[in-house]
Amino acid sequence: MPKLLQLQHIRKTFPGVVALDDVSFSIAEGEIHTLLGENGAGKSTLMNVLTGFYAPDSGSLLLDGQPVRFSSPRDSLALGIGMVHQHFMLVAAHSVLENILVALQGVPLFFPRRQLRSRIEQTIAEFGIELELDTPVWQLSIGAQQWIELIKLLMRDCRLLILDEPTAVLTPQEADKLFQVLQRLKQQGKSIIFISHKMREVMEISDRVTILKKGSSVTTLEAGEFNQNKLATLMIGGDRIPEWQKSLPFSDELVLEIENLAVRNDRGLADLDNFNLQLKKGEILGIAGIAGNGQKALAEALTGLTKVESGRVLANGEDITRSCARSSYIAGIAHIPEDRKAIGIAPDLSLDENLILKNFRAKRFRHGVFQSRSAIRNNAIEKVDQFAIKAGPQGSPVRLLSGGNIQKVIIARELSEQPTVLVALYPTRGLDIGSAEYVHKVIAEGAGNGMSTILISEDLDELYKICDRIAVIFRGRLIGYADPTSSSREEIGLMMSGEVSA
Amino acid sequence: MSLAFRVEKRDQGSALFRSLTIIASVLVALFVAGFLLLAAGVNPATAYLEILREALGSTYGISETLVKATPLIITGLAVSVAFRMQIWNIGAEGQIYMGACGATGVALFSGLDAPLMLPAMFAAAFFAGGLWASVAGLLRARWQVNEVIVTLLMNYIAILLADYLIYGPWKNPDGYNFPLTAQFVDAARLTEYFNTRLHSGFFIALFCALAVYLLMERTIWGYQIKAIGSNPAAARYAGMKTGLAIFLVLALSGAIAGIAGFSEVAGLQHRLQHGLSPGYGYTAIIIAWLARRSALGVIIVSLLMGILLVGGDSLQLSWQLPVAFAYAFQGLILFFLLAGDFFINFRLRWVKEDADA
C-alpha cells in the first residue's frame, strides 16, 4: 500500500529533556496504526509534531512522498491531518450542528445552512451514529461528544485521523461501535493513528503497532507478529515491575455506609442522586462507570470538598454527614485526586514541602509555629526511599518531576497518616506500567493492613485485576455490584450504560 | 528561505542568571533614561555620578538615603507578604496614610506619657492599616471581589480622609490655617541619630524584615501562604482554609504598611500633613517585584531606590529637572524587569524556514 505519511528521524528536545530521539515510522493509506508506549514515552509530543503544534528540531515529514513543514495546526488540517484530542474542543452551550459548522472550511459568509445540514446528516447516517443535531452539547454524554469531534474531522475530508485514547470515555459497547466506524473509515482508504494503553483494543483493531519507549521508536510490528505479552514486554523493556499479591479476603465489618446521598453541581444539576454504597474493612471496592457519571462528586463528598445536599454517610455506624466528627473523620480519609497537577500538588513548592501538604500541622513537623526543617527533610528521605520516587535536586520545585513521580509523591503523602479509607480516582491514569503496578501494590498492601479502598477507574482491566467487588455507577446512581470473579465484561458494560440493574 | 524566530521555553535559569537579569534590567533602564536626560540637555554620565555622590558621598547623604529607604523597606515587605500568596495589594499607599492617621490620633489626643506613647501609636497604626486592608480581604475572601481594584480605589479614600482630618477637625489651631496638625510632643517622637534625620524607624524596618523572613520561611503560617500562592486548589484540598488565609494575609499586609505610616509621622514629620507619602506605596510594588518577594531582597532594593530618590532631588537642584524624572526611572526599571522575566523563562531562537512551508 502506498505510504501516506512518513516521519523520518524526528528529534525534538525541550529544555533538559530529549522528548523524541530519532523517531521514524510511516502510515500507509487505509491503515489503522497503533501507537503504544508508556506515559512519557513521547506519544503526545510526536502527535503534536504531526499536527503542527511543535516544530521538530531535526528530521522530516513526508506526505505523499513530498516533504512538508507545519508551522501551526492550521497547516496540518489543510493537508488533511486531523486529531481527536483527549480534551474535546467544543462549545458546550451550542448545538451539535453549530459545533460542527464552526469546524468547516470555506463556508461562505451567508452559508447554506440547510444544505450543510443535510451533508452532515448524511455523514452521520452513513456511519450509523446516533446524534441529534439540535441538542446542545452540554446535554450529551462524553461518548456522544467524541462523535462530534470525529464528525468534524470527517466533514473536513481528513485523510489521516489521530485518536488519542478515544476509548477512555466509552463503555465497552460504545468502544465496539467506535471500532466499527474506524473499520469502515479504513475501508474508505482513510488512515488512522490510534493511541491507547489498553492491550485488548490494540490487539483487536491494529494493522500495525509502533512501540515508543523513552522517546525513540523501538519497533513496528505487523498484525500477526504480536500478542499482548509481546507488546507489554517491548513497551516496558528491561524495567522492573513490582510484585504484589491480591489482598486476603476482607471482613464483613462495615467501615463506611452511604445512604441516599445527593450532591448537586454548580449548575444545580444532580451529580449524585439517591446514591448508596457499602464499604467493608480491608476491601478494595471498584467503582466502574463512564467518566462524568458522578465519580468525582462521590470522591469529593467523601473527602469533604463538596457540600452534601441530602442523605447520610455512616462511619462505623455513626452518622458523620454533618456532625463535628466529620472533619476529623475526613482527615482520616486519604484521597488521590483525579487531576493530580491541578489539585494534588503545590507546584512551586519543593518535594519536601509537598510531602507534608496535608499533615504539616502534625506535632512531629513543628516546634510551636516554627517548622522543623530536619523532621521535614527526614520525612522526605524516608518517603523517597519507601516509594521509589525519583527526586530532583533538593529544594527544586516539584512540578519539574514526571507525572508518575508526582503521583507517587501524592500517594506517599496520602498514605503517610495510616488512613482507614482511601478514595482513589483514576490513580493509574497516565502512568507507565511500572508506576501503575506500584500503585496497585501499595493499595493491595494497604488492604492487607485493614485499609479499605474505593478505587474509581475507567479501566475495567484494572478493576478486574485488583478489586474485591465492583460497584457500577450511572448518572449518579448505584446500578449494582458485580463480582469480578464471576461477572463478564459485557454484564458490567451493560450496567455502565444503565440498562440493567442487578 | 526566510528568517524567523521562534520562542522557546527554557529551564528556569540558575540563581546567578536570575540575579544577572535583574542587574541587566537596571542597567538597560539607566541606558534608556540616559536619553531622557540627553533630551533635557544633561550629560547622563555626569548626572549619574552626581546621584551617587549626593546619596552616598557624605554622612548627610547616607543618612538621607536611609531615611528614604525606611518607608520603602516596610511597605515593600507589606506588599511582598501578600504577593507570596498571589494576592495583589496595590493599596499600601492608602494603608500608610491610615497608619499615619492612627498614630497621629494617639499622639495628639491620648495624653499618654513617654514609655507608653510610642507603643500605643505603633499599635494604632498597625490596626488602622490592617483594618483598612481587611475590607479588601473580606470582599475577596467572601465574595471573590478582585482585591486589585478594591485596594487601589481605597487609596484615594484614605488620602482624602487624611486630608479631611488635617484640613478639618485635626488642624492645628495655632497653625495660621495651614493644613497641618499640631507638632507631636517629644514623647511621640522616635529617637534621631548623629544630628541627622535618621531615626529609629530604620531599625523598626530592619526588625520587620527579620520578622517577615521568619514568618515566611520558618513558620507553618508562611508555609500555608506559599502553598496557597502556589496552588489554591491544592491547598483547599489539603484542608487549608484559603478564604480565612486571604483575609488574614491582606490584613497583615495592610498592618505592616501601617507601620510605615507610624514611622513617617513619629520619626520624620512629627505631624500629619498633606502629601505624607510621595507614592511609597506604589514604589513598594516595584520593590517587591525586584526583590523577588524575599525579605533581604526588599532591604537591598529599597536602599537602591533610596539612593535614586535622594540623588533625584539633587538633579532637581543642579539641573532643574522635574521630580518626575525619578518616577520615570522607576517605571523604566519595572518595565525592563518584566521584560527580563520573559527572558528568564523563554529564549528566542532564530530558525531558517523554507519559504514554501
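Run A:Val18 past the list (1) away from every other protein chain (no Cβ under 14 Å); (2) part of a strand (DSSP E or B); (3) under 30 Å from A:Asn229 (Cα atoms) and report the number of the one that doesn't hold.
(1)
Give segment A:394-405 a look and list any residue that's in contact (Cβ under 8 Å) with a residue 60 or more places away in the chain and touching a Ser or Thr at 6+ places or on another chain (Cβ under 6 Å), or say none.
A:Gly404
Are any residues in segment A:273-296 within 23 Å of A:Val442 (Cβ to Cβ) and charged (D, E, K, R), and if so, which ones?
A:Lys280, A:Lys281, A:Glu283, A:Lys296
Within segment A:144-163, is even one residue among the β-branched types (Val, Ile, Thr) and either touching a Lys or Arg at 6+ places or on another chain (Cβ under 8 Å) or in the same structural domain as A:Glu458 (by TED's automatic domain parsing) (or both)?
Looking for residues that are among the β-branched types (Val, Ile, Thr) and either touching a Lys or Arg at 6+ places or on another chain (Cβ under 8 Å) or in the same structural domain as A:Glu458 (by TED's automatic domain parsing) (or both), one finds none in segment A:144-163, hence no.
B:Thr283 is checked against (1) more than 20 Å from the chain's Cα centre (by Cα); (2) away from chain A (no Cβ under 14 Å) and fails just one. What number does that condition carry?
With (1) more than 20 Å from the chain's Cα centre (by Cα); (2) away from chain A (no Cβ under 14 Å) applied to B:Thr283, the lone miss is (1).
Suppose we keep only residues that are under 13 Å from B:Ala266 (Cβ atoms) and in contact with a strand residue (DSSP E or B) (Cβ under 9 Å, 6 or more places away or on another chain) within segment B:198-216. Which one would you say is surrounded by the most Cβ atoms within 10 Å (Cβ to Cβ)?
Here the residue is B:His199.
Residues being among the basic types (Lys, Arg), modelled with pLDDT of 85 or more and not in a strand (DSSP E or B): count how many of those fall in segment A:366-403.
Here the count works out to 3.
State all residues of segment B:104-138 that are under 14 Å from B:Ala158 (Cα atoms) and among the hydrophobic types (A, V, I, L, M, F, W, C); if no residue qualifies, say none.
Answer for segment B:104-138, where residues must be under 14 Å from B:Ala158 (Cα atoms) and among the hydrophobic types (A, V, I, L, M, F, W, C): B:Ala125, B:Ala128, B:Leu131, B:Trp132, B:Ala133, B:Val135, B:Ala136.
Report the residue count in segment A:406-428 for those that are free of Cβ contacts under 8 Å to residues at least 40 places away in the same chain and buried (at least 20 other Cβ atoms within 10 Å of the Cβ).
So the answer is 2.
Those residues that are within 14 Å of another protein chain (Cβ to nearest Cβ) and out of contact with any helix residue (DSSP H, G or I) (no Cβ under 9 Å at 6 or more places or on another chain), I need them from segment A:74-92; list them, please.
Passing the criteria: A:Arg74, A:Asp75, A:Ala78, A:Leu79.
Taking A:Ser118 as the residue in question, decide whether it is at pLDDT 85 or above, of a type in the set (Ser, Thr, Tyr) and over 20 Å from A:Ser44 (Cβ atoms).
It is true that A:Ser118 is at pLDDT 85 or above, of a type in the set (Ser, Thr, Tyr) and over 20 Å from A:Ser44 (Cβ atoms).
Check whether at least one residue in segment B:233-250 is touching a Ser or Thr at 6+ places or on another chain (Cβ under 8 Å), of a type in the set (Lys, Arg) and within 14 Å of chain A (Cβ to nearest Cβ), and report yes or no.
yes
Can you name the condition, by its number, that A:Glu98 falls short on among (1) among the acidic types (Asp, Glu); (2) touching a residue at least 12 places away in the same chain (Cβ under 8 Å); (3) over 28 Å from A:Leu36 (Cβ atoms)?
(2)
Just the residues that are among the small types (Gly, Ala, Ser), within 23 Å of A:Ile406 (Cβ to Cβ) and assigned to a loop (DSSP other than H, G, I, E, B), please, taken from segment A:25-47.
A:Gly37, A:Gly40, A:Ala41, A:Gly42
The values are calculated or read from the model by the stated rules, or taken from the named source; none is laboratory data. A quick note: this is a predicted structure, and the numbers were derived from the prediction, not measured. Note: ideal-geometry Cβ built from the backbone for every residue, glycine included; neighbour counts use all protein chains shown.
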